[in-house]
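Input: a single structure, listed below in structure tokens.
Computed from the coordinates by the stated procedures, all read-outs in this text should not be read as laboratory data. Predicted model only: the values in this text are computed from it and were never measured. Cβ: placed from backbone, ideal geometry, glycine included. Neighbour counts: every protein chain shown.
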């Protein structure tokens, strides 16, 4: 009796069933792969599909008008600007007028004949009218106060400029964070689709007798984790849009996404760190504000020391009085006077010396604050400068990584068809591709944000800068 050959009918039927199971398991996965070629878009609601997307320029203009922080900064600047006319007023002529009219009941007692007191009762009206003009001639305190007021107004203007630069950074940051959250949700949905396909394929393989229970458990665990990540991603989308809505004070239903084809990956102009550091030190609103504060502290010393100096005013007065005092009842005086008034301080109990020492200490504090900010500014400029230059290289490297990961996905598909790879290998390769896409999107946003931050440090993050970035969006 002959033994059955290796290609016996029984073995052929087992191979046929095994091949059929592999084909059934692979068919849904291979059909889903074209969908994963790019991150799936976030499903849009009916409101989002009808509303025009909010562009970055629109968001910036709305924030400049509606943001509470910039409006408060404008009000604070307007209030501090009034410091200058108030100080100037102390150096200009001061004109005052006074008018008084009184009804008097006067009882006067004088010695009478024989030493007997005699009381006389009088009822009369008295009046006084005076016009006084005072012109400061030498007042060191007011002169120093006027110079200090100019420095304080310069400080207020610099702080407003700083807040304006901050608005540009905050709007771009909030806008890009909202776009990144939207991209992350799209990638999570893509991963969820892949895990659902893997779970379905694993179940079919197991039902056909060609798979193991471990594949089903692994696919189910990944799908459950993706479902949790989807909830977190959707919450992040809502939160980031809400943060942008607080800035612009208007509903945010749709955003214009970044168009990688329009994005210009360029090094800073000029392409030297020293040039940007010098530009920031000369134009930064922070440096200008602290420089003005140091100048104001220096004038505070002059104000304190002026307490030892005399003051001189020119005074002119015209007064008309009628029965102005009890010794001139029924008498009228018309007096015109012009002259100088000199006041000389002699002793103030050490107050002036103490105020001078305090002002000197405040000047030292202002000097050190300026130096600390200058050093920190150079570090921040270097960080943002390198964020641009290194961001260009990083985006290019990640673009290559995405292309390589896509090639790896295709290679794993072909290897799976040849029997040398499994479904898990294909999904792992797809997961690596999605991770590369996530890193690439984040790198692009970081590059854009670094450009805005560098411009803000140099004091040039204005509407033109925002408009340039706006051209990189899909509208």
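Summary table below
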read-out: Net lengthening on full extension, residue 331/residue 89 (0.36 nm per residue, minus Cα-Cα); value: 83.3 nm
read-out: Rel. contact order, % - alpha carbon contacts under 8 angstrom, at least six apart, the chain; value: 24
read-out: Rounded to 10°, Cα long-axis angle of helix 68-81 versus longest principal axis of the chain; value: 20
read-out: Residue order, fewest to most surrounding Cβ atoms within 10 angstrom, among 276, 472; value: 472, 276
read-out: By average C-beta atoms within 10 angstrom, highest first, the peptides 314-320, 387-393, 426-432; value: 426-432, 387-393, 314-320
read-out: Residue 235/residue 271 FRET efficiency (R0 30 Å; Cβ-Cβ; nearest 0.05); value: 0.15
read-out: Helix 351-418 axis, angle to the chain major axis (alpha carbon atoms, nearest 10°); value: 10
read-out: Label point distance in nm, residue 442-residue 278, each placed 7 Å from Cα along Cα→Cβ; value: 3.7
read-out: Sequence of 123, 299, 308 once ranked by neighbouring C-beta atoms within 10 Å, starting from the fewest; value: 123, 308, 299
read-out: On Cα atoms only, tilt of 273-283 relative to the major axis of the chain in degrees; value: 30
read-out: Residue-averaged [θ]222 nm for the chain, counting only DSSP H segments that reach four residues, each worth -39500 (n - 2.57); value: -23000 deg cm²/dmol
read-out: Inter-site label distance for residue 66 and residue 108 at 7 Å from Cα along Cβ, in nm; value: 7.9
read-out: Sequence of 413, 264 once ranked by neighbouring C-beta atoms within 10 Å, starting from the fewest; value: 264, 413
read-out: Mean Cβ count within 10 Å, highest first, over the residues of peptides 245-257, 449-461, 151-163; value: 449-461, 151-163, 245-257
read-out: At 0.890 mPa s and 25 °C, Stokes D of the chain from Kirkwood alpha-carbon radius, µm² per second; value: 80
read-out: Per-q log10 I(q)/I(0), the range 409-475, q = 0.17, 0.21, 0.28 Å⁻¹ (Debye; single scatterer per alpha-carbon; no solvent); value: -0.69, -0.85, -1.10
read-out: Residue 379-residue 415 pseudo-label distance in nm [points 7 Å out on the Cα-to-Cβ vector]; value: 4.7
read-out: C-alpha center-to-center spacing [the range 396-467, the range 330-373] in angstrom; value: 66
read-out: Alpha-carbon centroid distance for the pair the range 48-123 / the range 250-326, whole angstrom; value: 25
read-out: Efficiency of FRET from Cβ geometry, residue 347 and residue 319, R₀ 30 Å, rounded to 0.05; value: 0.35
read-out: FRET efficiency, residue 225 to residue 81 (Cβ-Cβ, R0 45 Å, nearest 0.05); value: 0.20
